[in-house]
Amino acid sequence: MHAANALSTPVFEEVPPEKSGIYWVHNAGRSADKYLPESSGAGCAFLDFDNDGWMDIYLVNSGPANFFKPQKPMRNALYKNNRDGTFTDVTEKAGVPGTAYGMGVAVGDYNGDGYPDLYVTQCGRNVLYRNNGDGTFTDVTDHAGVAAAGWSTSAVWFDYDNDGRLDLFVCQFAEFDMNHGCSKDEKGIRHYCIPKIFNAEPSWLFHNNGDGTFTDVSHKLGIAQHPGKSWGVVAADFNNDGRMDLFVANDTVPNCLFINKGDHFEETGLAADVAYSADGRARSGMGVDAADYDNDGLVDIFLGNIDEEFFSLYHNNGDGTFDDLSIASGMGMSTRWMSGWGMKFIDYDNDGDLDLFAVSGFPDDLFDQASNSIQWRQPYLLFRNEGGKYHDVSLASGPVFQKKFPARGLASGDFNNDGGIDLLVLNNNEAPVLLRNNVGRLNNWLGIKLVGKKCNPDAVGARVTYQSDDLKRVRFKVGGGSFLSAHDPRMVLGIGQRAKLDSLEILWPQPSGVVERFTNLPINRYITIVEGTGKWS
């Protein structure tokens, strides 16, 4: 029997502030001029900043009305996990309040010291916080050279050149300044507008020099030659050649698929059939994630679009092309009126198959007045994977799915270490929502933290194959994904009601490329595997 059917409590349950201790609220800094950044943020993260084995939380704020020259910037928030289901705000002590109008966050150990660092994207310039390992962070943006002036959105840490160090890709949305407010309609009312009026901008790619500094290689490697209006990004090896590629979701201009050729990136979105819709239109690509949802050994793509465009489930054909199977997979019609921001492949019930969770919200908060179908606040969506087909199980998964939110960022992570993947949603101009997973623990699982030594410290790009009796699955550790957010770096391998895990094989990323195989592993707990040791702890 499916684990969820055996439980009378909700599949996902909203944890209220009085139980979590999280009282922080996002401020979009809404103004009468309707500047577009006010409608699009912000993001959040699960991270273990103090390496105690429990996921902490980072929440990005935006700011007051004039977000380029705020009177007092809104404060981001870092919450320490107290290991009892509650969190404590340690932002001031840690020194990570943000420095401008915030958008998103990327987490990665860029200097290889064993502690996760924070890169916060903002309107104006971004900030890199180096983790000092003592509960505090230092702003090293200027020394590192990664301010990336402009309107940045999502970012991802990944190792594009296989030198064992994490590099940084930063999405730029569009050319923007305070003269770029949206126009009024025929009734004289100003709305948050469709971003066709904005000029596309090239995104940034920074090479990690290994000495705490980075070099902008955007032009050298072919990224800057393909400007976009970029919201979401995910790094994955889409062609299984051992090099990490990039899929970038763009709004009103073609999406980009950057295939890593070693000495440059080749943009293949059009040839791969992921740039446009089936009828040749550029859609409003926003949130994105990547995983092998149908267990054929190839990484697929899930992409959120705006209402009436449907979300896209791009199946990887293995020949450089993708087919959009959104309708055929069973999820298409559920997304027709949705505007998809944060989204993530997760095995929420630990049966070994990757399900999908997506959060939505229309960009224009006044559109409800003109439409019965499209709303500013929209419900969360949960799709269960049954043999490669997706079934919308949202309404049967708990009271929170009966509610509607102006959702944006979405992060996944197991904050209570029970094996069930929990979720954190950043709602625009409202309080965030922490969702506790009540069903993951009812099936058996193994959680693994991978630590790279020759390869990048976070082992982004690792390929994990595991077998339990008749169940064999391959999981890829991708970089980034969702929207403006970062996720628990641990991988949870579900095996359903099977009693043991027979084998686990790890193909570590280059420059290592080592394959390690493990047997006699425990279940229903987290372990750490350090590259090259042949051991777990």
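The values are calculated or read from the model by the stated rules, or taken from the named source; none is laboratory data. Remember, it's a predicted structure, so these values are computed and weren't measured experimentally. Quick reminder, even Gly has a Cβ in these numbers, built from the backbone with ideal geometry, and neighbours come from all protein chains shown. When the accessible area is computed, the model is the full protein with side chains, heavy atoms only, and any ligands, DNA or RNA have been set aside. Shrake-Rupley method; radii C 1.70, N 1.55, O 1.52, S 1.80 Å.
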Check: Taking V146 and the conditions (1) of a type in the set (V, I, T); (2) open to solvent by less than 20 Å² (accessible area, probe 1.4 Å); (3) under 24 Å from N51 (Cα atoms); (4) over 19 Å from the mean Cα position of the chain (by Cα), which numbered condition does it fall short on, given that it satisfies the others?
Finding: (3)
Checklist line | Residue among G104, G108 that alone is over 29 Å from R30 (Cβ atoms) and surrounded by 20 or more Cβ atoms within 10 Å (Cβ to Cβ) | finding: G108
Check: Across the stretch 438-492, which residue is nearest to the chain's Cα centre (by Cα) among those that are among the β-branched types (V, I, T) and within 20 Å of D113 (Cβ to Cβ)?
Finding: V460
Next item on the list: Considering every residue within the stretch 464-485, establish whether at least one is out of contact with any Gly (no Cβ under 7 Å at 6 or more places or on another chain), buried (at least 18 other Cβ atoms within 10 Å of the Cβ), under 27 Å from F238 (Cα atoms) and of a type in the set (S, T, N, Q).
Entry: yes
Note to self: Show the residue pairs meeting these rules: Cβ distance below 6 Å; 6+ apart or different chains; first residue within the stretch 131-144 and in contact (Cβ under 8 Å) with a residue 24 or more places away in the chain and within 17 Å of A106 (Cα to Cα); second residue outside any loop (DSSP other than H, G, I, E, B) and among the polar types (S, T, N, Q).
What the structure shows: F137/N131
Check: Which residue pairs have Cβ atoms closer than 7 Å, lie 6 or more positions apart in sequence or on different chains, and pair a first residue in the stretch 439-453 that is at pLDDT 95 or above with a second residue that is assigned to a helix (DSSP H, G or I)?
Finding: V439/A3; V439/A4; L442/A3; L442/A6; N443/A3
Notebook entry, point to check: Of all strands (runs of 3 or more DSSP E) completely enclosed by the stretch 462-537, which ones contain at least 3 residues that are in contact with a helix residue (DSSP H, G or I) (Cβ under 9 Å, 6 or more places away or on another chain)?
Noted result: 491-496
Checklist line | Members of the stretch 111-135 that are open to solvent by less than 10 Å² (accessible area, probe 1.4 Å) and either assigned to a strand (DSSP E or B) or among the β-branched types (V, I, T) (or both) | finding: D117, L118, Y119, V120, T121, Q122, C123, V127, L128, Y129, N131
